[in-house]
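Undergrad: Handing you a structure now.
The values are calculated or read from the model by the stated rules, or taken from the named source; none is laboratory data. Predicted, not measured: the structure shown is a model, and the values here were computed from it. Backbone-built Cβ (ideal geometry, glycine too); neighbour counts: all protein chains shown. We work out accessible area using only protein heavy atoms, side chains counted, and drop any ligands, DNA or RNA first. Shrake-Rupley method; radii C 1.70, N 1.55, O 1.52, S 1.80 Å.
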Amino acid sequence: EVAWHQVGKQYFDLKMYEKSLAALEFAIISDDHFVGAYLEKGKVLEKLGRYQEAIENYQITLTLDDPTSFAYLRLGKCFEKIGLEDDAITYFKQCVKEDPLLDKGWLSIVNFYTNKLDYQKALSYIIKATETDADNALYWTKYATINARLNFLEECDYGYRRALELGNYELSTWIDRCDVLLKLGDLNTAISNVESGLEFYPQDVELLYRLAGLYLKKGAHIKGKFYLQNALKSNAEYVMILEELFPLVFNDPEIQQLIKV
């Protein structure tokens, strides 16, 4: 049964799902109490879109041994796929109860409520997630995006800042935090944020246009024009960023002249 189980996993990794399924069925024939084989079979059935059968295999594992957070998570995902939302959220909650440190469990709950546009509930669960593991950058990014939806801008900025402190250096994090700081009117912190982002993405045109706009809005025209010229050389089409985020700067005759050159 162990050999068949390993063969099934190899076929799964090769995306040969029908062969993987056959091998795992042999593993179960060899030992019908082999929890690992049922779990792997459930994964294969999910890939094949056979969610009801996947559910049956995951549920078998709950009767054979102590329930695992993985089984609860996959059951939640399967029920979500077939539209049984009450069952889905029940299993997601069971997942985090079984393993409070499994971030996929918390994020599944948060995404479930986010997709239903219930941002208050999504926020309450991402706060619980951060209380469970305050050093998870994924949680803080999600915390920021949910607060942005609710227009809680200071909390949103705090989330992005924590995510950056914890090593989430994705381009979108620098950009989104800049836009929040701009709405808050904190130009100095926004400039510092974008300059830090440019250390990781020195040629990124979205950051360059934002930095140009921030300096020009602040009245630092020499620096602003310098970054604007670099941005225009890199990609002139993205000047719409300046128009959207800094309309007064964009419509300044001197800046218009620079753009048209």
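Undergrad: Check Lys217, Lys225 and return the single one that is over 30 Å from Asn147 (Cβ atoms) and of a type in the set (D, E, K, R).
TA: Lys225
Undergrad: I've got another one for you. Are any residues in the range 124-149 over 15 Å from Asp103 (Cα atoms) and open to solvent by less than 40 Å² (accessible area, probe 1.4 Å), and if so, which ones?
TA: Passing the criteria: Ala144, Ile146, Asn147.
Undergrad: Under 29 Å from the mean Cα position of the chain (by Cα) and open to solvent by 50 Å² or more (accessible area, probe 1.4 Å): is that true of Lys15 in this structure? Lay out the reasoning, then the answer.
TA: Numbers: under 29 Å from the mean Cα position of the chain (by Cα): yes; open to solvent by 50 Å² or more (accessible area, probe 1.4 Å): yes.
Spelling it out, Lys15 is indeed under 29 Å from the mean Cα position of the chain (by Cα) and open to solvent by 50 Å² or more (accessible area, probe 1.4 Å).
Undergrad: Still on this model: With Leu182, Leu187, Leu171, Leu153 as the choices, which residue is touching a residue at least 40 places away in the same chain (Cβ under 8 Å) and touching a Leu at 6+ places or on another chain (Cβ under 9 Å)?
TA: Leu182
Undergrad: State which residue is farthest from Ser192 (Cα to Cα) when the search covers only the range 217-247 and only residues that are out of contact with any Leu (no Cβ under 9 Å at 6 or more places or on another chain) and open to solvent by 100 Å² or more (accessible area, probe 1.4 Å).
TA: Only one residue tops the list, namely Glu237.
Undergrad: If I ask for residues that are touching a His at 6+ places or on another chain (Cβ under 8 Å), in a helix (DSSP H, G or I) and of a type outside the set (Gly, Ala, Ser), which ones from the range 21-38 would you list?
TA: Within the range 21-38, the subset touching a His at 6+ places or on another chain (Cβ under 8 Å) is 23-24, 27, 34, 36-37.
Restricting the remaining residues to those that are in a helix (DSSP H, G or I) gives 23-24, 27, 36-37.
Within the range 21-38, just Leu24 meets the criteria.
Undergrad: Moving on to the next point. Give Glu56, Glu85, Glu40, Glu80 a once-over and let me know the one that is modelled with pLDDT of 95 or more, touching a Leu at 6+ places or on another chain (Cβ under 9 Å), open to solvent by 50 Å² or more (accessible area, probe 1.4 Å) and among the acidic types (Asp, Glu). So that I can check it myself, show each step before the final result.
TA: Numbers: Glu85 fails: touching a Leu at 6+ places or on another chain (Cβ under 9 Å); Glu40 fails: open to solvent by 50 Å² or more (accessible area, probe 1.4 Å); Glu80 fails: touching a Leu at 6+ places or on another chain (Cβ under 9 Å).
When all the criteria are applied, what remains is Glu56.
Undergrad: Out of the range 156-175, which residues are buried (at least 21 other Cβ atoms within 10 Å of the Cβ) and either among the hydroxyl-bearing types (Ser, Thr, Tyr) or closer than 17 Å to Phe246 by Cα (or both)?
TA: Tyr160, Thr173
Undergrad: For Ala23, are the conditions met, namely being more than 19 Å from Phe70 (Cβ to Cβ) and crowded, with 20+ Cβ neighbours inside 10 Å?
TA: Yes; evaluated as a whole, the condition is true for this residue.
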